[in-house]
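Down below is the structure, laid out as structure tokens.
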Amino acid sequence: MKKTYAQTIALLRSGLSGEAPALPLFEGDVDWREIYSLSNSQTIVSVVTDGISNLPDHLKPVIEALEPFLADTLAVEMRNGQMDRFLVNIMDSLESQGFTPVLLKGQGLAVNYPVPSHRQCGDIDILASVFEYKKQVGFLAAKAGRVDGEYTEILHQGMMFGNIEVEIHGSIKTMFSPSLDRKLDAALERLFRDRDFSEVTIEGRGIRVPGDVFNAVYIFLHMFRHYFCGGVGLRQITDWARFIHSKRNSLDREKLKAMLEDLGLMGAWKVFGAFAVEYLAIPEESVPFYSPCGKRRLERILAFVFKCGNFGVNESTVREDEPYFIRKIHSFFLFDVHDKLRHFTEFPLYSLKYFFGAVSYGFGRLFRGV
């Protein structure tokens, strides 16, 4: 493993566990600029900074090298405070209209970190039932500063409130497999029908989130989807790992097993469970259905994660100025062929299944002009 990869992982583990990182890794010359760059592309700078604080003084970076870590950490803390306050306000507004908004990911997962304000935040994702989706979108769009184009196939509407992005989701479709998406639609319907909700406390207020089993599977699937489409970062994997660790004593494992097997995700779950134990300081007993995995396989996955960065920030994307048909062909080979099949060595069955599923979706969208 590349030395700066090992050092970044060691600091991330330390920031998550509170234990000192492996000291021999930081003796001699340390490329702190590269460690910062890697941490930044993985959106884990603040947690890595916590890991740096666990080093003995003689191994810590000089102040000039430490400054970008400290500056980013302060900015993340301030941003999290802003996001938390806005989240409470938007939930108050929606519930005052009789809606049942459910927070997905984001600030609802920060509570599982040792220092919640050090999880780098992104946008606010709100899950709505299919019956309320249009109404919630209409209510919030009237107050937004900017409303983006809607992804009608997956009931996804983004909008901006100042510098905060809010996304309303009326579906959790992956666009990977029609059969998988039908099962996800059914799971989402059951979630709202049975009111299978849990709650987190943010700014002293209870915020509705999905029930623990649904949430564990959804967070994993969201992360695994990005692994196959565009790229995934360590923060997304850590979000899932910290969630299952925090729920280790309360997760209904039989219900979880049934849902994972129904969606065909158990194999992938076990691989990333081993990844969480190996790299993210998660105890084996915290990972439901933990199973050891070959070290070389995990190292290849880690190398890919570092290569692509969070949401594929390090990789090229489709150019919007291309002609429509060329852009669609480009995206087909980039996202459907390249993204799916490059993981064949690590996940052969998933690669083939998701490739053919995505191709069927892609051709449908191409001929509909979407």
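The values are calculated or read from the model by the stated rules, or taken from the named source; none is laboratory data. Remember, predicted model here, so these are calculated numbers, not experimental data. Note: ideal-geometry Cβ built from the backbone for every residue, glycine included; neighbour counts use all protein chains shown.
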Listed residues Phe275, Phe306, Phe335; which is under 21 Å from the mean Cα position of the chain (by Cα), of a type in the set (Phe, Trp, Tyr), within 25 Å of Ser17 (Cα to Cα) and at pLDDT below 95?
Phe306
Could you list all residues from segment 91-116 that are surrounded by fewer than 19 Cβ atoms within 10 Å (Cβ to Cβ), hydroxyl-bearing (Ser, Thr, Tyr) and closer than 17 Å to Glu203 by Cα?
Ser93
Taking segment 148-185 and the residues there that are hydroxyl-bearing (Ser, Thr, Tyr) and closer than 16 Å to Tyr354 by Cβ, the one that is farthest from the chain's Cα centre (by Cα) would be Ser179
With respect to Ile219, determine if the residue is farther than 28 Å from Cys308 by Cβ and either touching a Cys at 6+ places or on another chain (Cβ under 8 Å) or surrounded by 18 or more Cβ atoms within 10 Å (Cβ to Cβ) (or both).
no
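Residues are listed down the side, and each one gets a yes or a no for (1) touching a helix residue (DSSP H, G or I) at 6+ places or on another chain (Cβ under 8 Å); (2) closer than 22 Å to Phe243 by Cβ:
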| position | (1), (2) |
| --- | --- |
| Leu109 | yes, yes |
| Phe139 | yes, no |
| Arg146 | no, no |
| His156 | no, no |
| Gly170 | yes, no |
| Arg182 | no, no |
So for segment 79-88 (the condition being polar (S, T, N, Q), outside any loop (DSSP other than H, G, I, E, B), under 30 Å from Gly231 (Cα atoms) and touching a Phe, Trp or Tyr at 6+ places or on another chain (Cβ under 7 Å)), does at least one residue qualify?
no
From the set of residues in segment 239-286 that are β-branched (Val, Ile, Thr) and closer than 23 Å to Leu184 by Cβ, which is surrounded by the fewest Cβ atoms within 10 Å (Cβ to Cβ)?
Val271
Just one of the numbered conditions (1) under 18 Å from Ala110 (Cα atoms); (2) surrounded by 18 or more Cβ atoms within 10 Å (Cβ to Cβ) is not true of Leu302; which one?
(1)
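Can you pull out every residue in segment 126-160 that is on the phi < 0 side of the Ramachandran plot and in contact with a Gly (Cβ under 6 Å, 6 or more places away or on another chain)? Step through it out loud before you land on a result.
Of segment 126-160, the ones on the phi < 0 side of the Ramachandran plot are 126-154, 156-160.
Selection gives Ala128, Val130, Tyr133, Asp148, Met160.
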Looking at segment 56-70, is at least one residue basic (Lys, Arg) and in contact (Cβ under 8 Å) with a residue 40 or more places away in the chain?
no
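Could you count how many residues in segment 206-249 are outside any helix (DSSP H, G or I) and without any contact (Cβ under 8 Å) to a residue 60 or more places away in the chain?
Number of matching residues: 5.
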Leu74 closer than 21 Å to Pro114 by Cβ, of a type outside the set (Ser, Thr, Tyr) and assigned to a helix (DSSP H, G or I)
yes
Given the conditions (1) crowded, with 17+ Cβ neighbours inside 10 Å; (2) touching a strand residue (DSSP E or B) at 6+ places or on another chain (Cβ under 8 Å), report the number of the one that Gln120 does not fulfil.
(2)
Tally, over segment 194-205, of residues that are polar (S, T, N, Q) and either in a loop (DSSP other than H, G, I, E, B) or exposed (fewer than 14 other Cβ atoms within 10 Å of the Cβ) (or both)
1
Is it true that some residue in segment 209-218 is more than 25 Å from Thr73 (Cβ to Cβ) and of a type in the set (D, E, K, R)?
yes
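Per-residue answers, yes or no, for (1) in contact (Cβ under 8 Å) with a residue 60 or more places away in the chain; (2) not in a strand (DSSP E or B):
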| site | (1), (2) |
| --- | --- |
| Glu95 | no, yes |
| Pro114 | yes, yes |
| Gly138 | no, yes |
| Gln157 | no, no |
| Phe176 | yes, yes |
| Leu180 | yes, yes |
| Lys183 | yes, yes |
| Ala186 | no, yes |
| Phe192 | yes, yes |
Would you please name the residue that is surrounded by the fewest Cβ atoms within 10 Å (Cβ to Cβ), looking only at residues in segment 38-66 that are touching a Ser or Thr at 6+ places or on another chain (Cβ under 9 Å) and among the hydroxyl-bearing types (Ser, Thr, Tyr)?
Ser53
